[in-house]
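Scroll down for the structure; my scribbles are underneath it.
The values are calculated or read from the model by the stated rules, or taken from the named source; none is laboratory data. Computed from a predicted structure; not experimentally measured. Cβ placement follows ideal geometry from the backbone for every residue including glycine, while neighbour counts extend to all protein chains displayed. SASA here: full protein model, heavy atoms, side chains in, ligands and nucleic acids out. Shrake-Rupley method; radii C 1.70, N 1.55, O 1.52, S 1.80 Å.
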Amino acid sequence: MKREVVIATKNAGKVKDFQQLFAPLGWEVRSLLDFPEIPEIIEDGHSFRENAAKKAEAIAAAFGKTVLADDSGLVVDALDGRPGIYSARYAGPDKDDQANNEKVLAELQGVPQEERTARFVCVIAVASPNKVTRYYEGFCEGEIALRPSGENGFGYDPIFYVPELKKTMAELSPQEKNRVSHRAEAMKQLTANRSDWE
Ligand SMILES: O=c1nc[nH]c2c1ncn2[C@H]1C[C@H](O)[C@@H](COP(=O)(O)OP(=O)(O)OP(=O)(O)O)O1
Ligand SMILES: [Mg+2]
């Protein structure tokens, strides 16, 4: 019987990343996409940590078991760190990835390549009933491309250029992305501290 991990997310792109990242550990990933009756959790925190904790703690309390959550986003230096924790709804409440990408590109119009530095941030919170919530963070440094490219991944992947690989995140295969992404880095911290949460 495979061990099961519940991730308090409704983002199908994240679920795919986590399924691949947990596969080597032999874990089965469940998410809130498997529990459509659970309402969306309002992310009114002021940081990735606060939002990740809120999602994990709400579902850990509801399920009475250890639950993970991921709050993540794109931080663009030339936009004073925007979209940041507002990445999902940057272009509006319907969380449209293409509209979000177009808004970032429009705001960076005319900004030269060397000033388009950015990073992805991922905070995984692990919550268990009656235990202190634990946090594992990952980052991926890159630049905002001049135009979108690539079909893989989700969210801002098409405009996030990874200089060391000379490709956008959306041009990477899932395996390549899971070697460099902010989520993979956060997972490395998480798996290095398994005794904390298993
Ligand atoms: O690997 C990634 N590649 C591209 N974009 C990404 C990635 N990771 C997060 N992102 C973007 C998507 C979304 O615009 C925001 C996450 O927002 P965030 O609130 O954490 O997720 P969400 O609302 O889509 O689902 P949920 O809160 O149920 O986990 O950052
Ligand atoms: Mg969210």
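Annotations for the structure displayed:
- Every condition in (1) of a type outside the set (Asp, Glu); (2) open to solvent by 60 Å² or more (accessible area, probe 1.4 Å); (3) more than 14 Å from ligand 1 (Cβ to nearest atom); (4) outside any loop (DSSP other than H, G, I, E, B) is met by Leu165 except one, and the failing one is (4).
- Residues being open to solvent by 10 Å² or more (accessible area, probe 1.4 Å) and either in contact with an Asp or Glu (Cβ under 9 Å, 6 or more places away or on another chain) or of a type in the set (Phe, Trp, Tyr) (or both) - total across the stretch 107-119: 5
- Residue check for Ala56: more than 27 Å from Ala170 (Cβ to Cβ), away from ligand 2 (no atom under 16 Å from the Cβ) and buried (at least 20 other Cβ atoms within 10 Å of the Cβ): no
- Within the stretch 1-21, the set of residues being in contact (Cβ under 8 Å) with a residue 60 or more places away in the chain and closer than 20 Å to Pro174 by Cβ comprises Val5, Ile7, Thr9, Asn11, Ala12, Gly13, Lys14, Lys16, Asp17, Phe18, Gln20, Leu21.
- Test: Asn101 is at positive phi and more than 16 Å from ligand 2 (Cβ to nearest atom): no
- Where a residue in the stretch 119-133 is among the aromatic types (Phe, Trp, Tyr) and its partner, wherever it lies, is part of a strand (DSSP E or B), with Cβ under 8 Å and at least six apart: Phe120/Ser72; Phe120/Gly73; Phe120/Leu74; Phe120/Val75; Phe120/Phe139; Phe120/Cys140; Phe120/Gly142; Phe120/Phe160
- Residues of the stretch 149-175 that turn out to be hydrophobic (A, V, I, L, M, F, W, C), in contact (Cβ under 8 Å) with a residue 24 or more places away in the chain and within 21 Å of Glu114 (Cα to Cα), as a count: 3
- Within the stretch 51-81, the set of residues being over 23 Å from Val29 (Cα atoms) and in contact (Cβ under 8 Å) with a residue 12 or more places away in the chain comprises Leu74, Val75, Val76, Asp77, Ala78, Leu79.
- Condition check for Ser128: buried (at least 21 other Cβ atoms within 10 Å of the Cβ), within 30 Å of Lys54 (Cα to Cα) and among the hydroxyl-bearing types (Ser, Thr, Tyr): no
- Taking each residue of the stretch 176-198 that is more than 18 Å from Phe154 (Cβ to Cβ) and looking for partners that are among the charged types (D, E, K, R) and in a helix (DSSP H, G or I) with beta-carbon atoms closer than 8 Å, six or more apart or interchain, yields nothing.
- The residue that is least open to solvent (accessible area, probe 1.4 Å), among those in the stretch 32-52 that are more than 12 Å from Ile7 (Cα to Cα), under 19 Å from the mean Cα position of the chain (by Cα) and more than 9 Å from ligand 1 (Cβ to nearest atom), is Gly45.
- Condition met for Lys65 (under 17 Å from Gly153 (Cα atoms), among the basic types (Lys, Arg) and open to solvent by 30 Å² or more (accessible area, probe 1.4 Å)): no
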